[in-house]
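See structure below.
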Amino acid sequence: MIKIKEALCDFCGTCVSVCPVDCIELQEALIKIDQNSCTDCMLCVYVCPIETLEYSHG
Amino acid sequence: MDDQYDVIIIGAGPAGSVTAWHASLGGAKVLLLEKDRDIGYPVRCAEGVGAAGLQSIVDPDSRWIANKIKGVDLISPHLKTIHILNEDFGFVLNRKIFDNFLAEKAAKAGAEVLTKAYAESLCFGENGRVNGVVFSHFGRRLSLRAKIVVGADGVESRVGRWAGIRTQLKMKDIETCVQYTMSNIDVKPDVCEFHFSRERSPGGYIWIFPKGDGIANVGIGISGEYARYKSPLRYLEKFVQEHFPKGSVLTTAVGGVPVSVTNRQIVKDGFMLVGDAAHQANPISGGGIVPAMVAGKLAGKVAAEAVQAGDVSQSFLEKYEKQWYRAEGRTQKIMYRLKEAVYKLTDDDLNKTADAVLSLPEEKRTMVSVFKKALFNRPTLILEALKVFKTSITEVFDPLS
């Protein structure tokens, strides 16, 4: 599954813009991935400007 | 706040605020929602803007102009500089103050503006047409009706998806960006620098935009296509270490820029998209401020006319789409093709381009000559590029429209 290192996140929304299934919820200082709809496609991990997201097993 | 509006706009960046401003001027009852606590902050922008484009919307104002730009330096991988002089090139803005100013314009024209208002979903009426917005504000959830909802929520563009429009960007059509606002660095006071290199900024460039007083925005955008191998943060750290090892970082900004053509669909019954949410930024420079404001002005006017006419159907709102294509959309398509060609050039190609341009006499070193040399084997594209330079107010590096 894809995890967000929340303490590092700048809430810029770049990940949201490429998510093919629109499963990332972003507010002013809150970010969540809906793991039920996430397909682990990794695009958000790749596009994050500051390496905030990562793939982790389980 | 009321429970019924003519137009509700989600997002108070330049696109949303200018839409709200012009819809209000046209007599519509308007509500402008911003999710963050401040309008204009955090800044997610290099803050460069072309003079002609800016002036087509607002008169420059010393309150939000940080610096006047009188030319650009295009820098090759082997560090040769092509200087292009233009006394009226453009400005570096203070976006925080600028964005506030635009929202204030909207408010003075009669729009209601609300911050910390986080849109959660859209409401739908008969035949699935959009007819309102659900948003939360300090723990309260409100559902308000609107004849027209405008998605101006930036590169994320979730509002468009809620309305049933596909707005996801391909990885090759997004620039992933990091910027430091630095002090104690030695930069030319009135020149914007663009550093091109496939090695050091793949599918994008590094910029240095001076804000005056030895302060400058130093940033990088790279194509999403290449970001999986190395993030823009790491490229920027290396550049700053090499060029400004003693500089201080006053602000760090992070964000994504759409470098696509305009979204295939930007209007539906009772619904419009503007700005980055509609992918209206200049795909070669990434400049989005002027296109967002140009689109906002058109969208706001059309929204007010639609309300007045009692017809908010897609076919009425398509007037905005058509006007956008006439104003900027057609040019943007050419810019997109230029982007695709230019960002494929190797560092060797870029070096040869720089050498070829520098062999010209100084007065012939123009942006057009740069493209002619860079794309010498693509004559039809050069012809298209020439059209762009003649017609557009959001010129290729204007500096960043």
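Across segment B:103-114, a minimum of one residue is classified as under 24 Å from the mean Cα position of the chain (by Cα) and assigned to a strand (DSSP E or B). For segment B:281-316, the set of residues classified as crowded, with 24+ Cβ neighbours inside 10 Å and polar (S, T, N, Q) consists of B:Asn282, B:Ser285, listed by residue number. Restricting attention to segment A:26-58 and to residues that are open to solvent by less than 60 Å² (accessible area, probe 1.4 Å) and β-branched (Val, Ile, Thr), the residue that is farthest from the other protein chains (Cβ to nearest Cβ) turns out to be A:Ile33.
Quickly run through segment B:23-39 and pick out the residues that are open to solvent by 10 Å² or more (accessible area, probe 1.4 Å) and either outside the structural domain of B:Ala12 (by TED's automatic domain parsing) or touching a Phe, Trp or Tyr at 6+ places or on another chain (Cβ under 6 Å) (or both). Answer for segment B:23-39, where residues must be open to solvent by 10 Å² or more (accessible area, probe 1.4 Å) and either outside the structural domain of B:Ala12 (by TED's automatic domain parsing) or touching a Phe, Trp or Tyr at 6+ places or on another chain (Cβ under 6 Å) (or both): B:Lys29, B:Lys35. Being among the β-branched types (Val, Ile, Thr), within 28 Å of B:Val43 (Cβ to Cβ) and within 13 Å of another protein chain (Cβ to nearest Cβ) is a description that does not apply to A:Val21.
When B:Lys230, B:Lys211 are checked against the criterion of being more than 17 Å from the chain's Cα centre (by Cα), under 24 Å from A:Val18 (Cβ atoms) and open to solvent by 10 Å² or more (accessible area, probe 1.4 Å), a single residue qualifies: B:Lys230. Among the residues of segment B:126-141, those that are out of contact with any Ser or Thr (no Cβ under 9 Å at 6 or more places or on another chain), at pLDDT 95 or above and more than 13 Å from every other protein chain (Cβ to nearest Cβ) comprise B:Val130, B:Asn131, B:Arg140, B:Arg141.
When B:Asn127 is tested against (1) open to solvent by 20 Å² or more (accessible area, probe 1.4 Å); (2) closer than 22 Å to B:Gly26 by Cβ; (3) not aromatic (Phe, Trp, Tyr), just one condition goes unmet, and that condition is (2).
Within segment B:40-50, restricting attention to residues that are in contact (Cβ under 8 Å) with a residue 60 or more places away in the chain and not in a strand (DSSP E or B), the residue that is surrounded by the most Cβ atoms within 10 Å (Cβ to Cβ) is B:Ala46. Against the test of being in contact (Cβ under 8 Å) with a residue 24 or more places away in the chain and of a type in the set (Gly, Ala, Ser), the options A:Ser37, A:Ser56 yield a single qualifying residue, A:Ser56.
Can B:Val92 be described as over 26 Å from B:Ala23 (Cβ atoms) and at pLDDT below 95? No: the conditions fail for B:Val92. Of all residues in segment B:150-163, those that are more than 9 Å from every other protein chain (Cβ to nearest Cβ) and touching a residue at least 12 places away in the same chain (Cβ under 8 Å) have Cβ atoms under 6 Å from Cβ atoms of residues that are hydroxyl-bearing (Ser, Thr, Tyr) and part of a helix (DSSP H, G or I), 6 or more apart or on another chain, in B:Val150/B:Thr19.
When B:Gly221, B:Gly255 are checked against the criterion of being within 14 Å of chain A (Cβ to nearest Cβ), under 16 Å from B:Leu93 (Cβ atoms) and touching a residue at least 60 places away in the same chain (Cβ under 8 Å), B:Gly255 stands alone in meeting it.
Any residue at all in segment A:3-21 that's in contact with a Gly (Cβ under 9 Å, 6 or more places away or on another chain), open to solvent by 10 Å² or more (accessible area, probe 1.4 Å) and among the acidic types (Asp, Glu)? The answer is yes, given that some residue of segment A:3-21 is in contact with a Gly (Cβ under 9 Å, 6 or more places away or on another chain), open to solvent by 10 Å² or more (accessible area, probe 1.4 Å) and among the acidic types (Asp, Glu). Any residue at all in segment B:143-155 that's surrounded by 15 or more Cβ atoms within 10 Å (Cβ to Cβ), part of a helix (DSSP H, G or I) and among the β-branched types (Val, Ile, Thr)? Within segment B:143-155, one or more residues are surrounded by 15 or more Cβ atoms within 10 Å (Cβ to Cβ), part of a helix (DSSP H, G or I) and among the β-branched types (Val, Ile, Thr).
Of B:Ala327, B:Ala303, all but one fail to be in contact with a strand residue (DSSP E or B) (Cβ under 9 Å, 6 or more places away or on another chain) and either among the small types (Gly, Ala, Ser) or modelled with pLDDT of 95 or more (or both); the exception is B:Ala303. When segment B:238-280 is filtered for residues that are basic (Lys, Arg), open to solvent by 60 Å² or more (accessible area, probe 1.4 Å) and not in a helix (DSSP H, G or I), the ones remaining, listed by number, are B:Lys246, B:Arg264.
The helices (runs of 4 or more DSSP H) located wholly in segment B:285-380 that include 3 or more residues which are closer than 30 Å to B:Thr176 by Cβ and among the aliphatic types (A, V, I, L, M) occupy B:289-309, B:330-342, B:347-358, B:367-374.
Does B:Asp88 satisfy the condition of being within 26 Å of B:Asp213 (Cβ to Cβ) and open to solvent by 10 Å² or more (accessible area, probe 1.4 Å)? Criteria met by B:Asp88. Within segment B:16-37, residues that are within 14 Å of another protein chain (Cβ to nearest Cβ) sit with their Cβ atoms under 9 Å from residues that are acidic (Asp, Glu) and open to solvent by 10 Å² or more (accessible area, probe 1.4 Å), at 6+ positions apart or across chains, in these pairs: B:Lys35/A:Glu28; B:Lys35/B:Asp153; B:Asp36/A:Glu28; B:Arg37/A:Glu28. Taking the stated definitions as given, is B:Ser201 assigned to a loop (DSSP other than H, G, I, E, B), within 14 Å of another protein chain (Cβ to nearest Cβ), under 17 Å from B:Glu340 (Cα atoms) and without any contact (Cβ under 8 Å) to a residue 40 or more places away in the chain? Yes.
The values are calculated or read from the model by the stated rules, or taken from the named source; none is laboratory data. Computed from a predicted model, the values in this text were never measured in an experiment. Please note: Cβ atoms are built from the backbone with ideal geometry, for glycine as well, and neighbour counts cover all protein chains shown. Ligands, DNA and RNA are excluded from the accessible area calculation, which covers all protein heavy atoms including side chains. Shrake-Rupley method; radii C 1.70, N 1.55, O 1.52, S 1.80 Å.
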